[in-house]
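S.K.: So that we are looking at the same thing, I have put the structure below in C-alpha cells.
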Amino acid sequence: MSAPALDPVTRDPFNAETPTEALLAPVTPVPSFFVRNHFPVPAVDRAAWRLRIGGAVREARALSYEDVLALPARTLEVAMECAGNGRTRMTPRPEGTPWGERAVSCGRFRGASLRDAMDASGVLPEAVELLFVGADAGLAHGQHMAYERSLPLATALHPDTLLCYELNGEPLTPEHGAPVRLLVPGWYGVASVKWLTEVRAVTKPFQGFFQAEHYMWRPQPEVPPTGPVREMLVKSLVLTPSDGDLLQVGEPVRVRGKAWSGAAPVRGVEVTTDGGRTWTQARLTPGDGPYSWCGFEHEWRPTEPGEHVVGARARDAGGRVQPEAPAWNVLGYGNNAITWRRVRVA
Ligand SMILES: Nc1nc2c(c(=O)[nH]1)N[C@H]1C(S)=C(S)[C@@H](COP(=O)(O)O)O[C@H]1N2
Ligand SMILES: [Mo]
C-alpha cells in the first residue's frame, strides 16, 4: 500500500501538509510527512558531505557521514509541528506561508546525541550558544542568506538533541534534510535545521534573520517581540468527523484525533459534541516516549437532529490547556486553539 501523497501549499519553495488519513497513523509515513522549506532543497552529496564543528571549541573538526554513524545511536519518536501551522485560521490572516492545520507529523528519528560529537571537540567556557548552518540558501526579504538557527547551550547539549540521519528506519530523504539534520524534540520544527553543514560555538547570542526577526512572538505590530518561538504549545487536532459531515441519529460516530505538547506529555483530551457546553474524557493511546503524540478517541451516538459542533481540548502534565480561540500574533505562530467541526445530524 502506498502512503497518501502530500497536499501542496506552495510549489517554490516546496511546502506541503500531511493528508488527514496519514495523520491517523501512530507514526507518519515518510512520503506523507509534512515538508517545510524556506529555500529550494539543496543537493548534498553524502560521500562528500562534512559537518564542520568550530568556533569557541578546543579543537575544530570535520565529521564525515560515517563518523556520525559511528557515534552511539538513539531512536526517539517525535511529534513535529511547524510554528506557522494554523496561520490561515487566524483573523486577520497574518503574512507568511498559508498553512491550514496539517503542518504536523510524528516520526521515529534515529541519530547520535549532538553532545557526543561536541564533547570530542570541547566547547569552551565562553560559548553561550551553538549556531547551526543549513546547506540551503536564497533570498529572504531581499537579502541572500543561508538557513541559520542557534540554540542555548543547555538545549543543544541535552542528550535528546540529535544529529539525525534516519526517519522511520530509512535514511533521511532529501526533503527532510539528508544526509544529516538536527532534531530538537519538543520544539517547533524551525529549530531542527535540515541539511546541517556546520555547528559553531558562539560567544554572543546569534541575531540572524530566522532567529531574531522571524520566529518571534509579537502580539501587535506596534510592540517589540516578546520572545522567541521554542516549545510547541499544547494542542489537539480532530481528524474525524470532518466539517460538513452528514451523520445519522443513533449511528455511532468516532471522534478521533491526535494531541501533543512540547513542554510536557499530554495528560488528557476532552471532547465536546455541543459546541463546548459539556465535555467528556476521550480514551488516549499514548505514543512511544515523552516526545511522541497521543491518539484520542470518543464514541458519540447523536440523539438530536440538527447542527452540532464537535471539538477537542488537550491538557498536558503541566496543566496547560488549549484555548477556545487563537492568540493572534503578527507572524501567525502557535495557533493551538480548539479545532471545531460543524456536522449535521439527520
Ligand atoms: N536548513 C533548513 N532547515 C529547516 C528549514 C529550512 O527551511 N531549512 N525549515 C524548518 C522548519 S520551519 C520546519 S517546520 C522543519 C520542517 O521539517 P520537515 O520539512 O522535515 O517536516 O524544518 C526546519 N528546518
Ligand atoms: Mo516551521
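The values are calculated or read from the model by the stated rules, or taken from the named source; none is laboratory data. Just so it is clear, the structure is predicted and the values come from calculations on it, not from any experiment. Quick reminder, even Gly has a Cβ in these numbers, built from the backbone with ideal geometry, and neighbours come from all protein chains shown. Just so you know, the surface numbers come from the protein's heavy atoms only, side chains and all, with ligands and any DNA or RNA stripped out. Shrake-Rupley method; radii C 1.70, N 1.55, O 1.52, S 1.80 Å.
S.K.: How far apart, in nanometres, would the label points at Gln281 and Arg301 be if each is projected 7 angstrom from Cα along the Cα-to-Cβ direction?
M.R.: About 2.2 nm, to one decimal.
S.K.: Give the accessible surface of the chain per residue, rounded to a whole number of Å², with probe radius 1.4 Å and ligands, DNA and RNA excluded.
M.R.: 44 Å²
S.K.: Determine, for each peptide in 3-13, 310-320, the mean count of other beta carbons within 10 angstrom over its residues, then list the peptides with the highest first.
M.R.: 310-320, 3-13
S.K.: Along the charge dipole of the chain, pointing to its positive end and built from +1/-1 on Cβ of Lys, Arg, Asp and Glu, which listed residue (Val57, Gly169, Val309) has its Cα farthest out?
M.R.: Val309
S.K.: Also, I was wondering about something else. Projecting each Cα onto the charge dipole of the chain (Lys/Arg +1, Asp/Glu -1 at the beta carbon, about the Cα centre), which of Leu139, Val253, Val41 comes out farthest on the positive side?
M.R.: Highest projection toward the positive end goes to Val253.
S.K.: Still on this structure: Return the aspartates and glutamates within reach of Lys204: Cα separation strictly under 16 angstrom, same-chain partners fewer than 8 residues apart disregarded; answer none if there are no such residues.
M.R.: Excluding near neighbours in sequence, the set is Glu126, Glu129, Glu148.
S.K.: Oh, and also: Roughly how big is region 148-210's charge dipole about its Cα centre, with Cβ charges of +1 (Lys, Arg) and -1 (Asp, Glu), in debye to the nearest 20?
M.R.: That gives region 148-210 a dipole magnitude of about 300 debye.
S.K.: Here is a follow-up. If you take the beta carbon distance between Phe14 and His141 as r and set R0 to 25 Å, what does 1/(1 + (r/R0)^6) give as a FRET efficiency, to the nearest 0.05?
M.R.: 0.80
S.K.: Determine the order of His38, His158 by accessible area, beginning with the largest, at a probe radius of 1.4 Å.
M.R.: These residues rank, largest area first, as His158, His38.
S.K.: Right, another one. About its Cα centre, what dipole magnitude does the chain give when the only charges are +1 on Lys and Arg Cβ and -1 on Asp and Glu Cβ, stated in debye to the nearest 20? Present the calculation step by step, with values, prior to reporting the outcome.
M.R.: Numbers: 36 positive and 38 negative charges, 70 e Å.
With Lys and Arg at +1 and Asp and Glu at -1, about 340 debye.
S.K.: Once you have the Cα-Cα distance between Gln207 and Ala60, take 0.36 nm times their residue separation minus that, and quote the gain in nm to one decimal.
M.R.: Working: separation 147, 0.36 × 147 = 52.92 nm, distance 2.28 nm.
This chain segment gains 50.6 nm when fully extended.
S.K.: Which lysines, on any chain, are close to Lys258 with Cα under 21 Å apart, when same-chain ones fewer than 8 places away are left out?
M.R.: List returned: Lys235.
S.K.: Kindly sort Trp217, Trp293 by accessible area of their heavy atoms, largest first, with the probe set to 1.4 Å.
M.R.: On the way: Trp217 60, Trp293 10 Å².
Highest to lowest solvent-accessible surface, that is Trp217, Trp293.
S.K.: While we're looking at this one, here's another question. Using a simple charge model, +1 on the beta-carbon of Lys and Arg, -1 on the beta-carbon of Asp and Glu, nothing else, what dipole does region 232-346 show about its Cα centre, in debye to the nearest 20?
M.R.: Working: 14 positive and 12 negative charges, 46 e Å.
That gives a dipole near 220 debye.
S.K.: Exposed loop sites here are GluC sites (Glu not before Pro) in DSSP loop states with at most 14 other C-beta atoms within 10 Å. What is the longest stretch of the chain lacking them?
M.R.: 223-323
S.K.: Given R₀ = 30 Å, what would the calculated FRET efficiency be for Ala120 paired with Thr226, taking r from the Cβ atoms and rounding to 0.05? Kindly include the intermediate steps, with their values, before the conclusion.
M.R.: On the way: r = 38 Å, r/R0 = 1.25.
About 0.20, to the nearest 0.05.
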